[in-house]
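Here is the structure we will look at, set down as structure tokens.
Read-outs throughout are calculated quantities, based only on the coordinates presented, and are distinct from any laboratory measurement. Being a predicted model, the structure only gives us computed values, none of them experimental. Because the Cβ atoms are built from the backbone with ideal geometry, glycine has one as well, and the counts that use them run over all protein chains shown.
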Amino acid sequence: MGCECGPFVPEMGPAGGGGSAPVAPSPYSPPEQWAQQNVPSSTIAQPMSCQVSTNFDTIKMIRAGRIVGLGTTLTEAIASGTLTVGITINGVPGTILLVHTNASNQTGGQTTQIAGDAYVAGDLIGMLFTTSEAFTPTTTDLEGWLEIVAEEP
């Protein structure tokens, strides 16, 4: 699978009149993805593993910004129970969550929030999941990724 990551530095564009001015930063996905193999039931706030970094389960942010979206995908449709995926900033749960059930987001989904969760340079961003006791199938695999807007350098 290829990565459709956006630019890591906000673009500058023409402002009319021959000069240039900053263009509003566009959301993009940082170069990290999180995963959990065989999602267990009855799990509370379990950190997910980074897929790019082999040493850490968080990504250290280079500049301040905000998380504006969260996306997930599952290898199997949810049969029963609930799976909730969220982000953490320095180990503290954020406000962006995706709730999955057999009636909604059966194989993953995405959410976008206008305000999002703000972070500063050096913050550690991670992802976690929680499942209900009735969650099945426990053989499904989960992947998650973020959409962020970084402040201009």
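Could you go through the range 34-47 in sequence order and give the Karplus-derived ³J(HN,Hα) for each residue, using 6.51 cos²θ - 1.76 cosθ + 1.60 with θ = phi - 60°, rounded to whole Hz, and x for Gly and Pro?
10, 8, 9, 8, 6, 4, x, 7, 6, 10, 10, 6, 8, x
Run the dipole for the range 32-150 about the Cα centre, Lys and Arg Cβ at +1, Asp and Glu Cβ at -1, nothing else charged, and hand back the magnitude in debye, nearest 20.
260 debye
Between I62 and A115, what FRET efficiency comes out of the Förster formula 1/(1 + (r/R0)^6) with R0 = 30 Å and r the beta carbon distance, rounded to 0.05?
Working from the Cβ atoms, E equals 0.90.
For the range 26-85, state the average projected area of the convex hull of the C-alpha atoms over all orientations, rounded to one decimal in nm².
Dividing the Cα hull surface by four gives the mean projection, 5.5 nm².
Choose one of Q46, A35, A150: the residue whose Cα lies farthest towards the positive end of the charge dipole of the range 32-150 (beta-carbon charges +1 Lys, Arg; -1 Asp, Glu; about the Cα centre).
A150
Would you please report the Å³ per residue occupied by the convex hull of the alpha carbon atoms in the range 50-153?
So the per-residue hull volume is 101 Å³.
Pulled fully out, how much extra length does the chain show between T107 and V92, if you take 0.36 nm times their separation in residues and subtract their Cα-Cα distance?
2.8 nm
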